[in-house]
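For reference, the structure is listed below as structure tokens.
Laboratory data are not the source of any read-out in this text; all were calculated from the coordinates shown. All figures in this text were calculated on a predicted structure; none of them were measured in a lab. Heads up, the Cβs are rebuilt from the backbone with ideal geometry, glycines too, and the neighbour counts pull from every protein chain shown.
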Amino acid sequence: MNLKIAVLPGDGIGPEISEQGVNVMKAVCEKFGHTATYEYALCGAAAIDAVGDPFPEETFKICMDADAVLFSAVGDPRFDNDPTAKVRPEQGLLAMRMKLGLYANIRPIETFDCLIHKSPLKDEIVRGADFVCIRELTGGMYFGEKYQDNDKAYDTNAYTRHEVERILEVGYEFAARRNKHLTVVDKANVLASSRLWRQVAKEQEVKHPDIKTDYMFVDNASMRMILEPTFFDVMVTENTFGDILTDEGSCITGSMGLLPSASTGEHTPVFEPVHGSWPQAKGLNIANPLAQILSVAMLFEYFNLMEEGKLIRQAVSASLDADVRTPEIQVEGGAKYGTKEVGAWIVDYIRKA
Ligand code: IPM
Ligand code: MN
């Protein structure tokens, strides 16, 4: 296969983990006889500094022209601490989602046995938790009509039938490939938008008799994720609920630095770590590259290159088992590996496999 990759390293630790992701991708391509080209583009604070726009037209073109985007992270404290800033790095992320029509955000929540002790939950509760949250990404309050003056403000949580139908379908696709259990998360006891979700879901449920569909209010779902995370297989929900629940999900497993994600939809799909740009660690060679590397696995799997994805996952597990780990997950007394060293170890494992 020949793949054209747009690489968007972004801000903070972004460029460092991006480099390791690309190295792993190159090693896998070489191993399996694929070719790939890499076109780099600016986004986030780096793009604001260079051209005053967090998702410049040039970057958009490069993304549209690619088969996949390998994205790292955006965000910079200079903008967070400045309430008067007219443009912010995060707007680049939202613009990218909208312009590429990335309506489905796929966030796997996985446990790694050797990191379970890092979970804030008890071992027996979290062990074996393995589910995917499918978050709707281009609708709801994020993009609905907004208003703000000194006395009043609102955001509109609007959804159309079409938007709900297509994201539920993604949920059913994942459930069919996994353990055939889909949980639709909404707030249908209060919100009209949620009642439309539930109505559409009930219609779609009968078309998927092989999948067990259940319905859960979002407040209950947030509780269930803590009390019994192993209950879930695939969860599908709207944009804002998904934003909140996936942060909860990413930390209950104790392996936040290892979680990748994919955003797919109308145009080029984007693969990125769940974690942010961690500006304080920039340039220190301490950031964990595993979430980025696992995003490369998701990228291959998106193109049905399952063996390629599997080899990356194996390499990542092997690195953890060998205690080749960045400082935040290293065992006591273990050697401290940097971002580059972990990446290089994984590349080497792939070459020798
Ligand atoms: C996420 C982030 C973004 C969101 C922010 C940075 C705009 O929190 O990807 O979950 O709210 O969607
Ligand atoms: Mn979020």
Among GluC sites (Glu not before Pro) in region 175-281, those in a DSSP loop whose Cβ has at most 13 other Cβ atoms within 10 Å are GLU266
Taking alpha-carbon centroids only, region 148-224 lies from region 86-106 a number of Å equal to 21
Restricting to Cα pairs under 8 Å and 6 or more apart, the percent relative contact order of the chain works out to 22
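With r as the distance between the Cβ atoms of GLU332 and ASN189 and R0 = 30 Å, compute the FRET efficiency 1/(1 + (r/R0)^6) and round to 0.05.
For R0 = 30 Å, the calculated efficiency reads 0.05.
Summing Lys, Arg as +1 and Asp, Glu as -1, what charge do residues with Cβ under 12 Å from the Cβ of PHE55 carry, PHE55 excluded?
Details: positive: LYS61, ARG88, ARG97, LYS99; negative: ASP53, GLU57, GLU58, GLU90.
Here the count lands on 0.
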Rounded to 0.05, the calculated FRET efficiency for the beta carbons of LYS31 and ASN285 at R₀ = 25 Å is 0.45
By the C-alpha gyration tensor axes a ≥ b ≥ c (rounded if a/c is under 1.5, else prolate when a/b exceeds b/c, else oblate), the shape of region 101-241 is oblate
For SER261, the net charge from surrounding residues (Cβ-Cβ under 13 Å; K, R +1; D, E -1) works out to -2
Rounded to one decimal in nm, the spacing of the 7 Å Cα→Cβ label points at THR160 and TYR38 is 3.9
Looks like region 265-318, by Cα gyration tensor root eigenvalues a ≥ b ≥ c and the a/c under 1.5 rounded cutoff (else prolate when a/b is bigger than b/c, oblate otherwise), is oblate
Scan of the chain for trypsin sites (Lys or Arg not before Pro) in DSSP loops with at most 12 other beta-carbon atoms within 10 Å gives a longest site-free stretch of 208-335
Residue span ARG351 to LYS180: 0.36 nm per residue of separation minus Cα-Cα distance leaves a gain in nm of 58.0 nm
Expressed in nanometres to one decimal, the distance between label points 7 Å along Cα→Cβ at HIS267 and ASP80 is 2.9
In terms of the alpha carbon gyration tensor, root eigenvalues a ≥ b ≥ c, rounded if a/c is under 1.5 and otherwise prolate when a/b exceeds b/c or oblate, region 1-148 is oblate
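Looking at the chain only, what percent of DSSP beta bridges run antiparallel? Nearest 5 please.
The antiparallel proportion sits near 40 percent.
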Among ALA50, PRO15, MET1, the residue whose Cα sits farthest towards the positive end of the charge dipole of region 1-61 (+1 at Cβ of Lys and Arg, -1 at Cβ of Asp and Glu, taken about the Cα centre) is MET1
Full extension between GLN148 and ILE244 adds, at 0.36 nm per residue less the Cα distance, a length in nm of 32.3 nm
Placing each pseudo-label 7 Å from Cα in the direction of the beta carbon, VAL206 and ASP130 end up separated by a distance in nanometres of 3.5
One finds, for LYS61 and LYS310 with R0 = 45 angstrom and r their Cβ-Cβ distance, a FRET efficiency to the nearest 0.05 of 0.85
Surrounding charge for ASP76, neighbours by C-beta under 13 angstrom, Lys/Arg +1, Asp/Glu -1, total -2
